[in-house]
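S.K.: Structure provided below as structure tokens; questions to follow.
The values are calculated or read from the model by the stated rules, or taken from the named source; none is laboratory data. Please read these numbers as outputs of a predicted model, since none were measured by experiment. Here the Cβ is made from the backbone with ideal geometry for all residues, glycine too, and neighbour counts use every protein chain on show.
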Amino acid sequence: MSWPERFLAELVRLGVQQARARRLTEDTAAQAAEQACDPGGLFGPPHLYARHLVAELAAPVAAPPRFTQAGPVLLNLTGVGKRYRRRTVFDNVDLTVRGGEVAAVVGANGCGKSTLLRICAGLTRPDAGQVRRTRRVGYVPQDGGTAGWLTADEHFTLFGAAAGVVPRRARSTGAHLAARLAWRPEPAQRAQQLSGGTRQKLNLVLGELHAPDLLLLDEPYQGFDQGTYVDFWRQVHSWRDAGRAVVVVTHLLHDLSTVDHVLDLGEQR
Amino acid sequence: MMPKPWLHGFLDLCLLAMLRERADYGYGLAQRLAAAGVADVPGGTLYPALLRLEEQGLAVPSWAPSESGPRRKYYEITPAGLSVLAEQSAQWARFRSGVDILLAPVGEAQ
């Protein structure tokens, strides 16, 4: 495929309507011609420029920068490093996230995004550096974390019990949080019968069930359709506005225009 | 030249200001920014900003032929663009004078 074709295909994949995507592709070709460049030389790889453009177009021109009343520091990494055998996965990672802030962790596959998130959660020990975090933490892994033979309600009860919440309250909280992701769990349905996207919703609800102050989310939208994806980000922003801190591992660059910090692990090396 | 993160906040303002003076196309605007000593703006920064101005109705494009080479997309500022420019110019002035006060050596400030 040529550069414009790949650019167009990526725009469409990112949810831009066909007609608008075609118009943007024509514009982009004309812009390159105007500079007497080929598009790759001017804009770089087509899929990356498509994501960049979508993010830029979503940002309003006149929007004043958002000055949050930053809350207390809920997560602080200083000089954190991790080795795997003799290979340095990352080192010297600093990150501070306060209440009312969202941080995104980005980078290519294999650069240690999930490992870093597990270190934030206290599930993996770093080889170097210091981690300080608030006491109430919710962690949503990329996959797993649910038991296939249990129903959603049983998950709510179990995870609630771990956080000292009585079963009835855990179940009603779970149902309430699920509804915000446009999901109504079927009473008798086991987790293994759920679609991938719905199982991720269950994971998200479980991560949030005990009202943590710090939420750690590892690409939690795998298998979400466009509508659910939008619901998910609305949810992230409502957590933020409620003064919680959120760390999201993501590979979708157009998420980045609405976050407060971007930690690019790919750039570390 | 302006450091990159600064430019990001002020590129829209600079573009609108240049378009108020006269309609122009992408490459022309990039040259004017460079000539003013503001920034060497890469295409990947400039063109999304122009498309955003267009989509938000702050500038309208029209195609015009050029003496040499491909046709060009000229942008003209709209009334909505002018009012955003006025508002942001005022913000910029406040911001700049605030920074100037902070930057002034203590002896001079008194």
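S.K.: For the range A:104-155: of the residues being polar (S, T, N, Q) and touching a Lys or Arg at 6+ places or on another chain (Cβ under 8 Å), which is surrounded by the fewest Cβ atoms within 10 Å (Cβ to Cβ)?
M.R.: Filtering first and then ranking leaves A:Thr124.
S.K.: Quick check on A:Arg133: is it at pLDDT 90 or above, of a type outside the set (Val, Ile, Thr) and in contact with a Pro (Cβ under 8 Å, 6 or more places away or on another chain)?
M.R.: no
S.K.: Separate question: Kindly evaluate A:Asp153 against the criterion of being under 17 Å from the mean Cα position of the chain (by Cα) and of a type in the set (D, E, K, R).
M.R.: no
S.K.: Something else: How many residues, within the range B:28-56, are within 10 Å of another protein chain (Cβ to nearest Cβ) and either surrounded by fewer than 17 Cβ atoms within 10 Å (Cβ to Cβ) or assigned to a helix (DSSP H, G or I) (or both)?
M.R.: Of the residues in that region, 16 qualify.
S.K.: Inside the range A:1-18, can you point out the residues that are modelled with pLDDT under 90 and over 29 Å from the mean Cα position of the chain (by Cα)?
M.R.: Across the range A:1-18, the qualifying residue is only A:Met1.
S.K.: On the given criteria, is B:Ala17 of a type outside the set (Ser, Thr, Tyr), within 12 Å of chain A (Cβ to nearest Cβ) and assigned to a helix (DSSP H, G or I)?
M.R.: No, not satisfied.
S.K.: Anything in the range A:12-39 that is assigned to a helix (DSSP H, G or I), within 11 Å of chain B (Cβ to nearest Cβ) and touching a helix residue (DSSP H, G or I) at 6+ places or on another chain (Cβ under 7 Å)? List them, or say none.
M.R.: A:Leu24, A:Asp27, A:Thr28, A:Ala29, A:Gln31, A:Ala32, A:Glu34, A:Pro39
S.K.: Mind listing whichever residues of the range B:57-102 are within 19 Å of B:Leu29 (Cα to Cα), in a helix (DSSP H, G or I) and not polar (S, T, N, Q)?
M.R.: B:Gly81, B:Leu82, B:Val84, B:Leu85 - these are the residues of the range B:57-102 that are within 19 Å of B:Leu29 (Cα to Cα), in a helix (DSSP H, G or I) and not polar (S, T, N, Q).
S.K.: Quick check on B:Ala86: is it out of contact with any strand residue (DSSP E or B) (no Cβ under 9 Å at 6 or more places or on another chain), more than 12 Å from chain A (Cβ to nearest Cβ) and either over 30 Å from A:Thr25 (Cβ atoms) or in contact (Cβ under 8 Å) with a residue 24 or more places away in the chain (or both)?
M.R.: Against the criterion (out of contact with any strand residue (DSSP E or B) (no Cβ under 9 Å at 6 or more places or on another chain), more than 12 Å from chain A (Cβ to nearest Cβ) and either over 30 Å from A:Thr25 (Cβ atoms) or in contact (Cβ under 8 Å) with a residue 24 or more places away in the chain (or both)), B:Ala86 does not qualify.
S.K.: Of the residues in the range A:191-231, how many are among the small types (Gly, Ala, Ser), free of Cβ contacts under 8 Å to residues at least 60 places away in the same chain and part of a loop (DSSP other than H, G, I, E, B)?
M.R.: 2
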